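Student: My questions all concern the structure below.
Since every read-out is calculated from the coordinates, none of them should be taken as a lab result. The structure displayed is predicted, hence computed values, not measured ones. Ideal geometry is used to build each Cβ from the backbone, glycine not excepted, and the neighbour counts take in all protein chains shown.
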Amino acid sequence: MNLDAIKIDKTSKIPLYIQISNQIKSLLDEGIIEVEDKLPPIRLLSQHLNVNNVTIVNAYQLLSDEKVTYKVRGSGSYIAPKSEELMAQISEFDNAENQVYQMKEAQMVVHDYTINFATATPKSNLFPVTDFKKAINYVLDRDLGEAFGYQEAKGYLSLRESISGYLLHQNIHSTPENIQIISGAQQGLDIVAKSVLNYSDVVLVEAPTYSGAIASFRSRGVKIVQIPMLVDGVNMNKLEEIIKRYQPKMMYTMINCQNPTGYTYSMKKKDELLLLAKKYNMFILEDDYVGELIYSKQNSLSLKSLDSNNQVIYIKSFSKILMPGLRLGFMIVPDKLNQSILNAKQATDISTSGLIQRAFDVYLRNGQWEKQLKQMKKIYYKRYQKMIEMLNEHLPRSINYYVPKGGILFWVELPKTMDSRVFYESIKHKEIAIVPGDMFYYSDRKNNAIRLSIAAVQEDEIEEGIKLLCGYLRDFLCMNKQKEKLPIL
Ligand SMILES: Cc1ncc(COP(=O)(O)O)c(C=O)c1O
């Protein structure tokens, strides 16, 4: 910033720190300084203006209190973004204690009678219990007590081999040595946090993002930087600026049908993201929780399948397509992290259940996983179409939603001035359940979106539930409009 742009009048009755603060705000309004620009160091500006250091400290404090700027400890003050589009929200080092927080989604209360658009987990009537029972019985007869011993911490070898073979269909070339079996994707996130991250490292996450990942990262006392998620992936120029400034160890991303927005990265951005990871030596943690559920053929390649530099740690959950209670998933681990991730897994639960691993191996080899996948994709696709039909027909015009390329989540945006938490509170005891957008941010802040999931709602429930939801939304819009018209007393 050009210091000459800041002018003060020492004869004025307006205190100097207020003059300086006002000057900086005017420079921002005039576009002379921009979002994310750094303010001059305190000593430099005080010398330039020939005022006391404390005057500048007070001016900067005022700007920070008014949220015009934000502070980065050890670095300085930066102009804060006005709109969410540009926002890279930073958690302060000061708050980064390693505490274990409750995952925000786990705090939701849903009644039995509700049409549940909140949960991202399928209902148990879709679980392939009969087929899986056959696989379990087969394993019990075949392996007897072996199935109940501790397994290799890396995972049952035959399963790692079958997964490695299966991954070829997804254009992913892996070896059984690079596959790590985990007790669900959440454990994978936690193990990566344990083995890759140290106190005060920086992790980049999309904003909004999955709260379970935030909970795992926070438990390590890391600094989390949130980058706004756009419909085709985060802004790559912004990302590069942030990488340069914070030198993050890792970025956590969901490339396909992101949770909660449903947004999918463009092919161009996938390539750019990998190039940035290479250029700045940053790991990417790819959480593929519904990659199979893209309904168009284009653009569903995972980052891992494009990862020629071996920097992507890939995590796969089976919870949305098979059964969440199996507590089974896997990771593909870059060579250089193989041992530390294995150590973290061992320290966490020694090994994933041998019986479940063996049964899933049989299930996969017999083609039953493919059968289940096909069936679930068909069911979800019908719900997806129903959802689009109902939202197009009933959503008030001032409310927008994004049509995802697949998956199970819809992101519905209320007008910017509205708070979806207030809407959620107003309907939380009614017959539908939704998730307010603030659940998916690191910090508590106002958000105008809601997440709707089709994982646990049948088509007839979608029809009834969306009509109800849109009625409540219309009432909420009316109430807010009336409030805006009220005179300020
Ligand atoms: C994006 C994402 N990652 C990971 C998980 C955890 O999955 P798992 O049940 O395999 O632990 C979830 C669960 O909802 C999720 O939505």
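Student: Roughly what % antiparallel, to the nearest 5, for the DSSP beta bridges in the chain?
Tutor: Antiparallel bridges make up about 55 percent of those DSSP assigns within the chain.
Student: About the Cα centre of region 3-80, how large is the charge dipole given +1 on each Lys and Arg Cβ and -1 on each Asp and Glu Cβ? Please answer in debye to the nearest 20.
Tutor: The calculation lands at about 360 debye.
Student: What does the helix-only formula give at 222 nm for the chain: each DSSP H stretch with n ≥ 4 adding -39500 (n - 2.57), the total divided by the residues, and the result rounded to the nearest 500 deg cm²/dmol?
Tutor: Rounded to the nearest 500, it is -12500 deg cm²/dmol.
Student: Something else: So if I take the alpha carbon set of region 148-366, get Rg, then get Rh from the Kirkwood formula, what is the Rg over Rh ratio?
Tutor: So for region 148-366, dividing Rg by the Kirkwood Rh gives 0.95.
Student: Turning to a different aspect of this structure: Dipole size in debye (nearest 20) for the chain around its Cα centre, Lys and Arg Cβ +1, Asp and Glu Cβ -1?
Tutor: It works out to roughly 180 debye.
Student: Suppose the chain between Ser12 and Ser426 were pulled fully straight at 0.36 nm per residue; how much longer would it get relative to their current alpha carbon spacing?
Tutor: Net length gain for the segment: 144.0 nm.
Student: Does region 1-75 come out rounded, prolate or oblate, given a ≥ b ≥ c as the square roots of the eigenvalues of its C-alpha gyration tensor, rounded meaning a/c under 1.5 and, failing that, prolate meaning a/b above b/c?
Tutor: rounded
Student: Hey, what did the chain get for relative contact order, percent, Cα under 8 Å, at least 6 apart?
Tutor: Averaging sequence separation for qualifying contacts and normalising by length gives 19 percent for the chain.
Student: Same structure, new question: Where the centroid of each part is defined by its Cα atoms, how far is region 454-478 from region 1-59 in Å?
Tutor: 51
Student: A further question on this structure: Considering only the other residues whose Cβ falls under 14 Å of the Cβ of Asp307, what net charge follows from Lys and Arg at +1 and Asp and Glu at -1?
Tutor: Net of charged neighbours comes to -1.
Student: Let a ≥ b ≥ c be the square roots of the eigenvalues of the Cα gyration tensor of region 416-489; is it rounded (a/c under 1.5), or, if not, prolate (a/b larger than b/c) or oblate?
Tutor: The shape class here is oblate.
Student: Classify region 252-366: rounded, prolate or oblate, from the alpha-carbon gyration tensor (a ≥ b ≥ c, eigenvalue square roots; a/c under 1.5 rounded; otherwise prolate if a/b is larger than b/c)?
Tutor: In terms of gyration-tensor shape, oblate.
Student: Treating only the Cβ atoms of Lys and Arg (+1) and Asp and Glu (-1) as charged, compute the dipole magnitude of region 196-338 about its Cα centre; round to the nearest 20 debye.
Tutor: 240
Student: I would also like to ask the following. Would you please state the base-10 log of I(q)/I(0) at q = 0.12, 0.13 1/Å for the chain, with intensities from the Debye formula using one equal scatterer on every alpha carbon?
Tutor: -1.13, -1.27
Student: Tell me which of Gly262, His173, Met236 sits at the most positive position along the dipole axis of region 148-366, charges placed on C-beta atoms (Lys, Arg +1; Asp, Glu -1).
Tutor: Of the listed residues, the answer is Met236.
Student: What nm distance separates the two modelled labels at Met479 and Glu240, each placed 7 Å from Cα along Cα→Cβ?
Tutor: Result: 4.7 nm between the two label points.
Student: Which percent, nearest 5, of DSSP beta bridges in region 148-366 are antiparallel?
Tutor: Counting DSSP beta bridges with both partners in region 148-366, the antiparallel share is about 30 percent.
Student: Averaging sequence separations of C-alpha pairs under 8 Å and six or more residues apart, then dividing by the length of region 259-345, give the relative contact order as a whole percent.
Tutor: With pairs under 8 Å counted, the relative contact order is 24 percent.
Student: If we count other beta carbons within 10 Å of each Cβ, what is the order of Val192, Val435, Val57, fewest first?
Tutor: Neighbour counts put them in this order, fewest first: Val57, Val435, Val192.
Student: Using 0.36 nm per residue of separation minus the Cα-Cα distance, give me the extension gain between Tyr138 and Asn50 in nm, one decimal.
Tutor: 23.3 nm
Student: Just to be sure I understand the model, the point goes 7 Å from the Cα along the line to the Cβ. What's the resulting Glu389 to Lys268 distance in nm?
Tutor: Spacing of the two 7 Å Cα→Cβ label points: 3.5 nm.
Student: What is the order of Cys470, Cys478, fewest Cβ neighbours within 10 Å to most?
Tutor: Cys478, Cys470
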